[in-house]
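Structure first, then comments.
No lab work stands behind these numbers, since they all come straight from the coordinates. These figures come from a predicted structure and were not determined experimentally. We place every Cβ from the backbone using ideal geometry, glycine too, and count neighbours over all the protein chains shown.
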Amino acid sequence: MKKFKFPMRYVPISATILVFFIVYLIGIISFENFGSPKVFIDLFVDNAYLGIAAIGTALVILTGGIDLSVGSIIAFTSILIAKMIATGSNALVAIALALVIGILFGMLQGWLIHCFSLPPFLVTLAGMFFIRGCGFIVSEESIGIKNDPVFNFIQNDLTIRLGKGMNIRFIVIVYIIVLIAAIFFSQRTRSGRSIYAIGDNELAATLMGIPVGRTKIMTYTIAGFCSALAGVVYAVYLKAGNPLNCVGLEMDAIAAVVIGGTLLTGGVGYVFGSLFGVLVLGLIQTLIVFDGRINSWWTRIIVGLLVLAFIFMQNLITKISKAKSKSQ
Amino acid sequence: MNKSSNKFRHLVWPLVSLALLLLFNAIFTDNFFKIEVKKQDSAQAVQTPSVPTESPQPGTSWITPENYETVSDSTETAAQTVKDSAGQQAVPEKKDGKGVSIFGYYLYGTPIDILNQGSKVMVLAIGMTLVIATGGIDISVGAVMAIAGAIAALLISMLDAGNCIGAGMGPSVYWIIPVIAALVLATLAGFWNGMLVAGFGIQPMVATLVLMVAGRGVAQLITDGQIITFDNPGLVFLCNGHALFLPFSVWIVIAMYVIACLLTRKTAFGLFIESVGNNERASRYAGIEARRIKWLTYVICGFCAGVAGLLAASNIKCADSNNAGLYLELDAILATVIGGTSMAGGRFFLSGSLVGAILIQTLTTTMYMKNVSPAIVAVPKAMVVIIVCLLQSPVFRAKVLSIFASKAAKGGVQ
C-alpha cells in the first residue's frame, strides 16, 4: 500500500504558513482585538513596501545571488519623489523617473555581476553605498509631500473603504498585483523557469543552452524595479521621503524570503512564500506593539531565531533529498 | 597567469590607489602630511591657543600646529560627530584627551588620525581575511561589535556603581573585567558562527546572517535598549590614549597583525586555511581537519570583532547597540577584497587587508577634509570599490586587454 506522500518541496512553504497561523493564533488568544479584520488589513498596509521589496529579493535569491541595495533604493526613490514634488514637478513624472532609475540601476548591477563575474554580494553592496549616498545628494533632510493632487487622489479615491475604519489602501492592491505577476512570471514563463535552473546549477543551465546572462541581468533589473516600486509605495505610505529610511531593510527582506521557505543558495522556493514571510515579520511586530511590555528589540531576536529554524529545516530537507537521490 | 614571482604583487593595486589618494591630498589639502610631535602638558596649563584668524573650515584647519590643543580635541569630536551623523547618534561629549602617555609625547596629524580611525576596520579585516580565505564570509561582525561594546559598557557601569565582583579593585584596574568579558562574549559569538558553518554545514553567508539579524537585538537586550556612556580612563584609553608616540589603538592593530602573521606564516595554520579554501574535500582527504580549521577562523574573526567593538565603544565612550559597527562588516569585507584576498577563498594577504582598510579610511578622511558631507562619502567609496574589484577581476582584465591589444582579441577572449 502506498502512503500518501507530501512532496518535499512543499514542506518549507507549508511550515511558513503554519508558523503564520500559529503566530496569528497566539495573537488572537492573547489579545482581545487581535483577530479583528482591521488588524489583518493593516498588516498588509504596513508591510506592502517590504513585501514588494521581498519579491525582488526572492527572485534574485532564486538565481543564487543576493541583492543588498534594496533598502537604499527605497530611500533614494522616496526622497527623489518627495524632492521633485517639492520643487514643483508632476508627481507622475517623479514616480516614472524613480521607477526608470530603479530599473537602470538594477540592470547596471546585473551587468556588472554577469559580465565581469563579480560576486553579487560585493556589487550590490557597493550599489547600496552608492545609491544611499545619492539619496543624500538629493536631500539630506526629510521632505514631506503635502497637498499633491496625485498623492491625494491615491490616498482618497483609490482606497477601498469597507467601513468601520477598514481601508484597503491602494498600495496593498499594488502589492497584490505585483505579487501575482511575480508568481506567474516565476512559475509559468520560460524566463521564470530559467531562474530556477540557474539557481540550481548555473553550469548545467549554461550547458543546456539557457540564456544565463540575459536571465540574470533581467532578474537584477526586476529586483531594481521592485525596490524602486517599493520606494514609491513607501513614499505614498508615509507621504514623505527621507534618505535615512530603511537602513538595513535588505536584511528584513532577505529574512522574509528565508522564512518564506526559499533556499538562500538558490533554485528552491516560491515567490509566494515571501508573502507569508513578510506577514510573519509583520505579525511579530504587531504582537509586540499589542503587548506593549515587551521591548521592540525582541523582534530582531525572534526573527533571527526563525531564520535559524528555517535554515536548519532547509538543510535537513536538502540532506534528506540528497540521500534519497543517492539511494535510488 | 604565471605564479607571481613577486611576493608583493597583490599589494600593487591597493598601494597604487593609496598613493594616488595621498598624492591628491599632498597637492590639494594643506598640511595633510604635517605630523607634529607635541609634549603632553601634564600640568594642564592654561591653554592659550592662537585662534586661527581665518574662518575655520572644518576640513582644512584640522589639527594645524597653532591650534592643535583645542582644535584637536574639539575637531576630533566634531569629526566624529560629523561622521556619526551618517547613521549614529554621536555623543557630543568633549574628550578630555589627557590619556596616559608613556613618554609624554604625542604625534598629531592627519595620517595618524587616519590610522586611529581606521583601526576598527583594520582589526576586523584581519579576522575577516582568515574567514574569507577558507571560502567563507562573516557578515555578523558588526552585530558582534555591538554585543562586545554593550557588555563592556554594562559591566563598567555596574563596576562604577559597585554592583559587581571586582569593584573593590578601583577604577584603574577593574576596567580589565569588561574588556575580558567583551572579548570572551565576542569569541563565543564567533564560536557560534563556526558551529553553524563548520559544525552543521550551513552556507557561511546564511549562517552568519542569523547573528547579524539577532545580534543587535541581543546587544539591546544587554543594555536594556539604553545607550550606556562611561568615562573609565582605562577603557577610554583604548581608542583615545597614546603610547609610544602613536595612538594606542594603532599598537593594538600592530600587535594583532603580528600575532596573526606569526600564527599563519610561521605555523602550518595559514597553509591549512589556504588548503581548505582551495578544496575542502581534498584537504580533508589529505588529513587536514577542515572543519576545525574553519571553525577556528570564525572564532578568531569573532575575537577580532570583539576587539573592534571595544575600540568603537572606547572611541565614543558609549555603547550604542543600534549603530555600533553598523556597516563595518561591509568595510571589513571591502578592505579584504581590495587587499587581494579572493572571495572564493584559497589565498589571503593580511598585509593587503590592512592596506585596504587604510585606503578606505584615507578616502573617507579625504572626503571629510574636502567638506564632503559624510553621507555622500558613500558614493565615491562605492565607485572606488567597484573600480578596484573590476581591476582585480580576471574577466575585466581580459576584456580590457583585448581592446588594447587587437591580437589578443583575435585570440578569442570570451
Packing-ranked peptide list from B:318-328, B:209-219, highest mean Cβ count within 10 angstrom first, is B:209-219, B:318-328
Stretched fully, the stretch from A:Trp111 through A:Tyr10 gains (0.36 nm per residue minus C-alpha distance, one decimal, in nm) 33.1 nm
Residues whose modelled amide H sits under 5 Å from the amide H of B:Glu36, counting only those 5 or more places away in sequence or on another chain, are B:Tyr108, B:Gly109
Taking the range A:8-320, the lysine pairs whose C-alpha atoms sit under 22 Å apart (8 or more places apart or on different chains) add up to 5
Relative contact order in percent for the range A:8-320 (Cα pairs under 8 Å, 6+ apart) equals 36 percent
Label model pair A:Thr206, A:Ile177: point-to-point distance (7 angstrom along the Cα→beta-carbon line) in nm is 3.9 nm
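Taking R0 as 35 Å, what's the FRET efficiency between B:Val395 and A:Ser327 from their Cβ-Cβ distance, rounded to 0.05? Don't skip to the end; give the middle numbers.
Values: r = 40 Å, r/R0 = 1.15.
With R0 = 35 Å, the Cβ-Cβ based efficiency is 0.30.
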Shielding of B:381-388 by other chains, given as the mean Cβ count within 10 Å, works out to 6
When chain A is treated as a Gaussian network with springs between alpha carbons less than 10 Å apart, the largest mean-square fluctuation among A:Thr221, A:Thr318, A:Thr286 is found at A:Thr318
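Per-residue counts of other Cβ atoms within 10 Å, averaged by peptide: what ranking do you get for A:120-130, B:367-377, highest first?
On the way: A:120-130: 25.3, B:367-377: 18.1.
Ranking, from highest mean packing down: A:120-130, B:367-377.
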So, with points 7 Å from each Cα along the Cβ direction, the A:Lys146-B:Leu244 label distance in nm works out to 6.1 nm
Under 17 Å by backbone N from the virtual spin label 7 Å along Cα-to-Cβ at A:Leu18, the residues of the range A:267-288 are A:273, A:276-277, A:280
For the range A:194-295 the mean separation of alpha carbon contacts under 8 Å (6+ apart) over residue count, i.e. relative contact order in percent, is 24 percent
Computed ³J(HN,Hα) along the range B:113-129: with the Karplus parameters 6.51/-1.76/1.60, θ = phi - 60°, integer Hz and x for glycine or proline, the list is 5, 4, 4, 5, 5, x, 4, 4, 5, 4, 4, 4, 5, 4, x, 4, 4
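At R0 = 22 Å, how high is the FRET efficiency between B:Lys34 and B:Asp231 if r is their beta carbon distance? Nearest 0.05 is fine. Walk me through the numbers on the way to the answer.
Details: r = 31 Å, r/R0 = 1.39.
The value I calculate is 0.10.
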For peptide A:300-312, the mean count of other chain Cβ atoms within 10 Å per residue Cβ is 6
Which of A:Gly213, A:Gly65, A:Gly165 fluctuates most in a GNM of chain A (C-alpha springs under 10 Å)? That residue is A:Gly165
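At R0 = 22 Å, how high is the FRET efficiency between A:Val289 and A:Leu25 if r is their beta carbon distance? Nearest 0.05 is fine. Don't skip to the end; give the middle numbers.
On the way: r = 18 Å, r/R0 = 0.80.
FRET efficiency, A:Val289 to A:Leu25: 0.80.
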Which of A:Ser36, A:Ser14, A:Ser72 fluctuates most in a GNM of chain A (C-alpha springs under 10 Å)? That residue is A:Ser36
Computed from every Cα-Cα pair in the range A:8-320, P(r) in 10 Å bins starting at 0 and rounded to whole percents is 6, 27, 34, 24, 8, 1
Result row for chain A, helices from DSSP H with C-alpha axial extent 20 Å or more and mean Kyte hydropathy at least -1.0, is A:11-30, A:37-62, A:70-86, A:91-115, A:120-138, A:170-188, A:212-238, A:271-291, A:297-327
